[in-house]
């Protein structure tokens, strides 16, 4: 079911409302944890207070384990989550600059906001410094660009880079975190001149630590992906739909909608290869070649559509395949143009009036097809539909330009 | 009104709750948390209102006007940050921690502290652009979804922090 907004389960207008509510929680927890004081934050670097490490590591692990469990249960489609792209050297240099900034300033951006709002003057000045920094980055963007945009490795996962399986990586991450919690407690006590307790950790932490470790083991035991996802269509019911031909939409309806753009409630998806699409396509259609139909970017286009989706190809084989694949992976509301483009053109250009039937309906039908034939012939469908030649849209154009943006 | 501030929350509990907030953010929006993005929006909006023409032709700023109906302020991270400010104020106020003050190490004056705060912010401003996010957006959210970028940024921040901590110890400790 999740992520909700990219999959169109939640009205995008509520997006900003959710942002605010999530922010309330974020700010509340950061302040409660003591992240509103720079002295506490800086403690992680000098050994007198490891609160940053404890909160940060626990939060990252909670969310990571939660995501894996959600994904296992089928509550979240991992492929739809935004994975920040790795621009290797930009990330390293940026991180190093931020590391020095952390020592000098005693805050990071999130914590400075939390501290400033409760009256910490140092945090307010930190934010002013940050604004100047961002402005300077913008001014020298030309100089920075090669580094900023260079060595783009895309949205890669850390376990792939390390050549590990995801589950083992998470397991080791939890083990490292638990070890860090135990060791840093000893260091902290020593730096502060306190006597450490005898055991590895205070007995009151036995249950939470054991739970964390247990969940890490559970991740190891569970298979990487669930057998069936809740959003996937049932194969048997799909078979029945396909056998009954329920997926087909008549060429007539598509023609009508093309000529009456105001009533257009279809997202026309051309599943032919890009070269064919560029040579000719139906006005307003989107090109998603069949071999890319399950890509993340394709899924975004399809699942984000409020309109009925109509797949088309020359005939209907490729479109049928696209329909099956996407229906199976949870896209609803999709159809196939019956007999494809060939059928559509045949019905428009080679329309023959049924001379045996002559009533009002059939006359209307005759007139419609003759008219459509004329308009199509003049290339008028394009002009008629949008007032201007429809821009050729390919998948590449539609991909959101997220790669170069900062997420924070 | 002189009240003793309430103690801070247990860090593991706070981390767990923060993890749930992060999980909720990813579950609802498919993206993580962030903080520096909103500050960037403020900067770019300001530049845009002073000189729209300049901002729209600038390779770095222009793309931000293309989103959010041409308003950099109307974006997810800005509203998130408004929430952060609200949540933090509520927490600080209820726990008796709100009030004008400066936190610093025992050896330095307020002016020194404030000067270094500006310098630190300045570096975070630049670094968060290269890192495509700060400690929360790039490192924390990136670690949660197991992206390589998240772990690299996290290690770079804290690794460098530990390396340079010694040279600036007078800022924070005896």
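Observations
- As a length-normalised measure over Cα pairs under 8 Å and 6 or more apart, the relative contact order of the stretch B:49-174 settles at 21 percent.
- For the stretch B:8-99, Kirkwood radius (reciprocal of mean inverse C-alpha pair distance, Å): 15.2 Å
- Axis of helix B:148-165 versus longest Cα principal axis of chain B: the two differ by about 40°, to the nearest ten degrees.
- Order of A:320, A:49 under a 10 Å beta carbon neighbour criterion, fewest first: A:320, A:49
- Angle in degrees between helix B:11-29 and the longest Cα principal axis of chain B, rounded to the nearest 10: 10 degrees
- Within the protein assembly as shown, DSSP assigns beta bridges of which about 10% are antiparallel (rounded to the nearest 5).
- At full extension, residue A:274 and residue A:307 could sit 9.6 nm farther apart than now, given 0.36 nm per residue minus the alpha carbon distance.
- Helix-only CD estimate at 222 nm, as mean residue ellipticity for the protein assembly as shown, using -39500 (n - 2.57) per DSSP H run (n ≥ 4): -18500 deg cm²/dmol
- The stretch A:1-142, relative contact order in percent, only Cα pairs under 8 angstrom and at least six apart counted: 27 percent
- Mean Cα-pair separation over length for the stretch A:296-337, i.e. relative contact order, pairs under 8 Å, 6 or more apart, %: 45 percent
- Kirkwood Rh and Cα Rg combined as Rg/Rh, the stretch B:101-174: 1.06
- Gained length - residue A:237 relative to residue A:176, 0.36 nm times residue gap less alpha-carbon distance: 17.3 nm
- Placing a pseudo-label 7 Å from each Cα along the Cα-to-Cβ vector at residue A:14 and residue B:62 gives an inter-label distance of 3.7 nm.
- Extension gain for the segment residue A:69 to residue A:333, taken as residue separation times 0.36 nm less the Cα-Cα distance, is 92.2 nm to one decimal.
- The stretch B:154-169 versus the stretch A:76-98: alpha-carbon centroid distance in Å: 20 Å
- Label zone of residue A:140 (point 7 Å out along Cα→Cβ, amide N under 20 Å): in the stretch B:117-160 this covers B:117-134, B:157, B:160.
- Inter-label distance, nm, simple model (7 Å from Cα along the C-beta direction), residue A:371/residue B:167: 7.8 nm
- Spacing of the modelled spin labels on residue A:218 and residue A:342, each 7 Å from Cα toward Cβ, amounts to 5.4 nm.
- In degrees, nearest ten, helix B:110-130 long axis to first principal axis of chain B (Cα): 40 degrees
Values in this text are rule-based calculations from the coordinates and carry no lab data. All figures in this text were calculated on a predicted structure; none of them were measured in a lab. When we count neighbours, we look across all protein chains shown, and the Cβ atoms used for this are built from the backbone with ideal geometry, even at glycine.
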